[in-house]
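Chemist: Encoded as structure tokens, here's the structure I'll be asking about.
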Amino acid sequence: MSRASNTFLISIEDAITLLGHFDALYKQNAETAEVLKRAGLVMALTAWETYVEDRATEAVTARLKAVNGSPIGTFVSNKLAEELKRFHNPNSEKTRKLFLDYLQVDVCGGWKWVNYEPTTAKKALDELIGRRGDAVHRSKPMNAGAPAPHLVKREDLDKAIRFLKGLVEATERALDANDV
């Protein structure tokens with residue numbers, strides 16, 4: 001298990017904690033508790049983003065060990081660091097491209113686990129990334145009359161957390177299969 005994977009498992013706990021706070025607060029004030037689900041989704045996907053960045057850095061650093069300090073090693077390390085500064089919202093294509101460019105591994109091809117194949121995993125990740133954007137930028141929609149449906153349902157957040165844990169495990173397996 002990589003350091004990035006261990007960090008992810010610690011980070012995803014923030015989303016799990018927010019879900020627990022939602023459950024406790026919901027009984028007292030359902031509307032106030034709503035923000036905790038959106039925050040939980042943001043935290044869960046932030047844990048994923050950090051995992052991708054850390055895992056790529058960890059693997060590239062290991063690969064460059066023999067040329068560490070050389071002009072080529074410095075160039076590649078600097079290029080990766082520069083790219084990661086602009087690396088936000090790691091959907092399936094961005095994640096695939098990062099690992100393909102720097103490690104020659106199509107991690108998306110290894111995204112297979114219970115109930116998921118690469119195609120369904122990519123689609124699920126991309127939908128979560130889109131929902132994260134809505135949770136961050138849209139908050140609660142204003143409308144007259146009937147209240148709008150909640151952006152993130154409790155079961156959606158619970159499912160997202162489980163999905164991201166499975167995605168990290170599948171990514172680890174894909175990288176391990178390629179000796180990364």
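Chemist: Among what's in the range 42-76 and is in a helix (DSSP H, G or I) and farther than 22 Å from residue 6 by Cβ, pick the residue that is least open to solvent (accessible area, probe 1.4 Å).
Modeler: Among those residues, the one meeting the criterion is 73.
Chemist: Further question: Suppose we filter 32, 17, 61 for residues that are farther than 30 Å from residue 106 by Cβ and modelled with pLDDT of 95 or more; which single one remains?
Modeler: Residue meeting the stated conditions: 17.
Chemist: Restrict the check to the range 16-36 and report whether at least one residue is in contact with a His (Cβ under 7 Å, 6 or more places away or on another chain) and farther than 17 Å from residue 88 by Cα.
Modeler: yes
Chemist: Is there any pair with a first residue in the range 153-180 that is over 18 Å from residue 54 (Cα atoms) and a second that is among the aromatic types (Phe, Trp, Tyr) and open to solvent by 90 Å² or more (accessible area, probe 1.4 Å) whose Cβ atoms are under 9 Å apart and which are 6 or more apart or on different chains, and what are they?
Modeler: 154/26
Chemist: Out of curiosity, is residue 107 over 27 Å from residue 136 (Cβ atoms) and either touching a residue at least 24 places away in the same chain (Cβ under 8 Å) or hydroxyl-bearing (Ser, Thr, Tyr) (or both)?
Modeler: no
Chemist: May I ask you to list the residues in the range 77-94 that are open to solvent by less than 70 Å² (accessible area, probe 1.4 Å) and part of a helix (DSSP H, G or I)?
Modeler: 77, 80, 81, 83, 84, 92
The values are calculated or read from the model by the stated rules, or taken from the named source; none is laboratory data. If you're wondering where the values come from, they're calculated on a predicted model, not measured in any experiment. A quick note on method: Cβ atoms are made from the backbone with ideal geometry, for glycine too, and the neighbour counts reach across all protein chains shown. All accessible areas refer to the heavy atoms of the entire protein, side chains included, with ligands and DNA or RNA removed. Shrake-Rupley method; radii C 1.70, N 1.55, O 1.52, S 1.80 Å.
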